[in-house]
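Below is one structure; the comments refer to it alone.
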Amino acid sequence: PFRPCGRKAVVSTQSTGDTDVEIALLTNHKERAETALQNMNNPFEVAQENLATRSIRVAIDLVEDEVSQELNKEVEVINGIKDKLKQKVNEAFQQVCALQDAYNAMCDDLADKMHCLDVDQQCHSLTNQSANIGFHQNSSRIAKDIVMPDAWDSHSNYNTQRANSEIRASTALREVINNTIEQTANDLEAQRLRTEYAFRKRIHEVQMAKDELEWQQSNTKREIDVLMDDIRGLKQAITDKNKPLEVAETRSENRTYRPRVELCRDVPHDGLINEKNELQKTVSSLVDKHNTAEDALNQLKQTLNRIEEDIAV
């Protein structure tokens, strides 16, 4: 009559040990999830810092480019990972509590069974020659809180089954936590690579644009130098034509003072007029070319200013 209690005590002891081991395992997984959650702070701060730094770009370079899109996506991914890890940490905490409740219930049940086992073993050791035997009034009474064997057996089975159920749930949760930590790490790494690729691509594009602007800057400066030489040449050509024009006009003016019949429209007269007209046409053409060159020079200088502003940005 004393063996069932002993068997139940052995089963309870084993289940208690299994539950204790599972509590330790799940606690370890919860701490791993907490560490993974903590490790999200640094990449989150880096992504936020990158977005803040790129927000101070000016003028045309303040553009919603692929880098900005990937950085915002990275922030979104990290926030999603943090939510998943927080959920698993909370689930692990709840499951540890459930395991601890089951463990405590089995410990209480085991303590009761060990006490019962001690009582039964003492009773089993009593004989007719035992010194501590005697008559007890109403010793066969039924205690008001006595339970039937089926209830006793069900109670013990319930505690064991409850512990085993919580162990199975904990084992499944540990697997989910492992998968979540691995998957979220892969998701973050994949997004990090996409962001870095976008950075490299954008840096290459900006460098190519900068090289092109610097090439245009160099060519524009050369064109300005050539045009300024042309303008100086035109100015000199205009100056060089002034003296011959003055000579022609002075000759024409002086010949108007020839006396009487000598004031004749002779060949020199017509020649001087033709010479003056040709010189004036040449000077007018040179002035037009000079003005056109000056306008082109101003346009080139404006273009150079725009190029240098773009390079400075």
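The values are calculated or read from the model by the stated rules, or taken from the named source; none is laboratory data. Everything numeric here is computed off the predicted structure, so don't read it as measured data. So basically every Cβ, Gly included, is an ideal-geometry build from the backbone, and we count neighbours across all protein chains shown. Ligands, DNA and RNA are stripped out before the accessible areas are found, and what is left, the full protein with its side chains, is counted by its heavy atoms. Shrake-Rupley method; radii C 1.70, N 1.55, O 1.52, S 1.80 Å.
Keeping to segment 247-265, report how many residues are assigned to a loop (DSSP other than H, G, I, E, B) and either in contact with an Asp or Glu (Cβ under 7 Å, 6 or more places away or on another chain) or among the hydroxyl-bearing types (Ser, Thr, Tyr) (or both).
2
Return the residue satisfying two criteria in turn: it lies in segment 20-49 and is under 19 Å from the mean Cα position of the chain (by Cα) and either open to solvent by 50 Å² or more (accessible area, probe 1.4 Å) or hydroxyl-bearing (Ser, Thr, Tyr) (or both), and of such residues it is nearest to Tyr197 (Cα to Cα).
Val46
Checking the structure you have, find out if any residue of segment 153-161 is surrounded by 13 or more Cβ atoms within 10 Å (Cβ to Cβ), modelled with pLDDT of 75 or more and touching a helix residue (DSSP H, G or I) at 6+ places or on another chain (Cβ under 8 Å).
Yes, segment 153-161 has at least one match.
Based on what the data block shows, is Val119 more than 30 Å from Thr195 (Cβ to Cβ), exposed (fewer than 14 other Cβ atoms within 10 Å of the Cβ) and either within 50 Å of the chain's Cα centre (by Cα) or of a type outside the set (Asp, Glu) (or both)?
When the stated conditions are applied, Val119 passes them.
Considering only residues that are under 16 Å from Glu175 (Cα atoms) and open to solvent by 50 Å² or more (accessible area, probe 1.4 Å), which ones fall in segment 76-85?
Scanning segment 76-85 gives a single hit, Lys84.
Which of the residues that make up segment 21-55 are over 17 Å from Glu189 (Cβ atoms) and not in a helix (DSSP H, G or I)?
Ser55
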